[in-house]
Structure formats: structure tokens, C-alpha cells
1. Under 20 Å between alpha carbons: how many lysine pairs meet that in the chain, if sequence neighbours fewer than 8 apart on the same chain are excluded?
2. Once fully extended, how much extra length lies between Arg25 and Glu150, figured as 0.36 nm per residue of separation less the alpha-carbon to alpha-carbon distance?
3. What FRET efficiency do you get for Thr6 and His327 if R0 is 35 Å and r is their Cβ-Cβ distance, rounded to the nearest 0.05?
4. Leu99 versus Ala232, label points 7 Å from Cα toward the beta carbon: distance in nm?
5. Using each residue's phi in region 77-94, evaluate 6.51 cos²θ - 1.76 cosθ + 1.60 at θ = phi - 60° and report the 3J(HN,Hα) Karplus result to the nearest Hz, with x for Gly and Pro.
6. Before anything else, pin down the relative contact order of region 15-343: Cα pairs under 8 Å, at least 6 apart, normalised by residue count, whole percent.
7. Each residue of region 124-130 in order: what ³J(HN,Hα) in whole Hz does its phi give by Karplus 6.51 cos²θ - 1.76 cosθ + 1.60, θ = phi - 60°, with x for Gly and Pro?
8. Between His107 and Asp291, 0.36 nm times their residue separation minus their Cα-Cα distance comes to what?
Amino acid sequence: MSDHSTEAALEPELPIVDCHHHVWRKFDADVTLGPDDDGADGEQGLPDYWVPTYLADVEASGHNITKSVVVECGTDYRTDGPLELRSTGEVEAFTAAALANTNASVHFGAGMISNADLRLGNAITEVLEAHKEAAQGRLRGIRTSTFFAEFPLFGHPPVEDRRGMLRNSGVVDAANRVGDAGLCLDVFVVDEQLPDLAYLANASENTTIVLNHMGVPLRFGSRLGQPDEGIAVWRDGLRAVARHPNVVTKIGGVGMDMVTDLTNSMNAPGHSMSSDELVDRWGAYVRETIDIFGVERCMFESNYPVDRPGGSMTAIWNSFKKLTVNHSAAERDALFRGNATAVYQLDR
């Protein structure tokens, strides 16, 4: 299902690099995805959202999205072979799609973020090399499922193995090997885990770490009804992470509802917010993230189609444009294009 919006794109000529989006196809729920398969990730049960649909959504949005960075989500894994290498199948699928869509208006998969298990420690190097080969020059980083809270997220119960995972010595070793390989480490954590990410950043200072979704400021779960406390947890954690110059952040995730079943939220009809509503709901978080990290360490993402329940692609990018209207032309170019291009080396 393609995206539809009732609002038109603002500043349609502004170049954008979509530095974080997903594509997936249905797969056999009985397939073992690898050592990172704990039943809480992957896109089982969701309708297909493969490359042609993403490209159609980009075209329909009216925005000038010139390049994309496609991020792992547990699709197209190999069904046999060593567990730690099964995620190579996803990279192979991304690469085949990139080669098949070279005439599209957006350079799909100009950068790719694959799934490699940080718990492998120094042995992660073999996986990184396999993914590099499969990506044919497009691999720019890796990500492991790390998000954890004491309450259910995306409709799944807490995964106990992730508690304090980023302080594990093997994970620290693996993070350093990622940097040695010339790759970035994308990290998806929620606000309560930000001190753990600060620890990892300090222990792997030669690795560029890309914090996903502004560190996910949760206002739910154990803090339900206590929004001020939730904001303080997020703000303090974000400041601790930002003290480490090897960390940059993606600004997005504005459509995620972390405490509901993602399958239901993406299938059920509901109200899709306008750009003005997105600005009203998320503006304070976006502005504070930019203040804490500085323009030079932030980049906007669509997080599509995961963010689609919150707003159309047109509305999401319009909201970012409205929120940066008082920034200079150079700062806006950095936020929408330049920083992602530099961090992920998309011009090489």
C-alpha cells in the first residue's frame, strides 16, 4: 500500500538524504534468523513494504529525496548455514534491489546498514567482511537489536538478555571492530538505556556511533502519567551521550508507538497526523536534540514505513522543514543532506 497525503510538499527543491528507512517482504515465521533472533524483532505479520512501494512513496511525497540509507529489519535472511551469517541474505536482497532500480529518481540503498550481532565480540569481523562483499561497496554500518525497557515495546515483552548489553565486554570489543572496518555502528535504544550508550561510546571512541530516533524519548510504561519525569530521563541521557564526539544522532521516529503492537498499528485505519500536528507533538524534542548535539551532529530520517502510522512521508518531511525554518541555508542543508552524506560516506 503506497502513501497518500492531503498536504503538498514544502520547498520541494530542497535536497534530502533519507538516512533511515526500511523495506521488507514476508518470510517464513519458522525460519531461525540467527543469534539475534529472540522473537521480538523482524517484520512478521506486517504487509509487504518492498522497494517499489518505498520508491512510490518517495515520488508521491513531492520531496526531493535524492539518496537513501536502507536499514536492517530482519527480512530475506538465509535459511541455512552459520547462524551469525544468515543476515547476509538481507544484504544480498538489498543489493539486488539497488541494482534493479538504478533508474529511479532516488538512489535507493546508496548506503546500507546490516544486522551483525555485537555479542560475537571480536568474531564479528567475519560477518562484517561477508556483509561488505554482499553489499558490493554499499555497506556503511551495522546494527544489532539492543532496545530494552522494563515494560513491553512494540507489543513484545522485555528481552532480558538486552539489559545492560552495551556494557558487555564482548559488545565493546565488537564495537571497536566495527570502527576498525571503517563502518558506523547504528544503535537503537530507548531513553533509559542512554547511560549505557554513553559507556559504550567512551569505550569505543574510534567508532562512529549513530544514535537512532533521538534516543527514543518514552512517555509511557513505568512513567505513564509522569511526563515530566520521562522528559528528564531522556534529556539527561541525551546530554550524557552527546558529551562523546564520536556519537551523532538521527532525528525521527516521530510516528512510532512503542507500547502497542506494531502489526496492529500499521494495519489498522487511524488518524495520520498533519505536519502541524507533528510539529506540535514532537517539536520540543527535535529542537532540544539539535540544541544538545549541535546542527553538525544531527540528521533527519523518515523511518519509513514504521513512522507511517504517525504521518505521511509528505507530512513528516514538511514537519522537519517547518521546525528548521529559522536555521540558515547551510545548517538546513547539513541537517537534510550534508551530515548524512558525510557520516555514511555516500559520495565515495
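A short reminder: the numbers here are calculations on the coordinates, not readings from a lab. In this text the structure is predicted, and so the values were computed from the model without any measurement. Neighbour counts run over all protein chains shown; Cβ positions are idealised from the backbone, glycine included.
1. 5
2. Gain on extension, Arg25 to Glu150, equals 42.0 nm.
3. Efficiency, rounded to the nearest 0.05: 0.85.
4. 5.6 nm
5. Residue by residue, region 77-94 yields 5, 4, 9, 8, x, x, 4, 5, 9, 5, 5, 4, x, 5, 4, 4, 5, 4 Hz.
6. 17 percent
7. Whole-Hz 3J(HN,Hα) from phi for region 124-130: 5, 4, 4, 5, 4, 5, 5.
8. Contour length minus Cα-Cα distance gives 63.2 nm.
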